[in-house]
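Just below is one structure, and these are the notes that go with it.
Coordinate-derived values only; no laboratory data. Worth saying up front: this structure is predicted, and the values here are computed from it rather than measured. Counting neighbours? That spans all protein chains shown, and the Cβs are built from the backbone with ideal geometry, glycine included.
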Amino acid sequence: MKPVLAALALSLLAPLAHAGEVRVVVKNVESNSGYVMIALFNDADKFPTDASGAPHKAKVDARSPTTTHTFPDVAPGTWALSVFHDVDGDGELDVRSVIPIPKEPMGASNNAKGRMGPPKFEDAAFKVGSGATEQVVVLSEL
Ligand SMILES: [Ca+2]
């Protein structure tokens, strides 16, 4: 391989080599029914519900009382987790019909809670470096 190509190959590999890992421990999962939906956001405007702002997403079989998932290859930076228990397994966060608040248990990193609304990105934000990061999210119902 020519030196230029070798340098290019290295520069392409470098971001992966420095990527971190985010281990998510979801607690207070009430039952084994449905899925635990986990989204890892780096876009504050999309957090916590617009999945287009979440480059990393996972749909994990619900395991009571604790469900875990690990996201590999997460770019270093500021991230926030949004988690909910999709109890009926329809892939969506069910909301109440009269007042639009969630009726399935949910949570966020740092266990950030919103006041009269969803949690804020800055409250849920945590840093990802090149190593492993563990976040414990305790689900609760509103
Ligand atoms: Ca649902």
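Just a few scattered comments:
- Cα extents for segment 66-139 along the principal axes, largest to smallest and rounded to whole angstrom: 44, 26, 19.
- Set of lysines with alpha-carbon distance to K120 below 25 Å, sequence-local pairs under 8 removed: K27, K46, K57, K59, K103
- Per the Cα gyration tensor, the chain maps to an equivalent ellipsoid with semi-axes of 32, 16, 13 Å, ordered largest to smallest.
- Mean Cβ neighbour count within 10 Å, used as a protection proxy, ranking 91-102, 37-48, 66-77 highest first: 37-48, 66-77, 91-102
- In this entry, segment 61-103 is assigned a mean projected area of 4.7 nm², taken as a quarter of its C-alpha convex hull surface.
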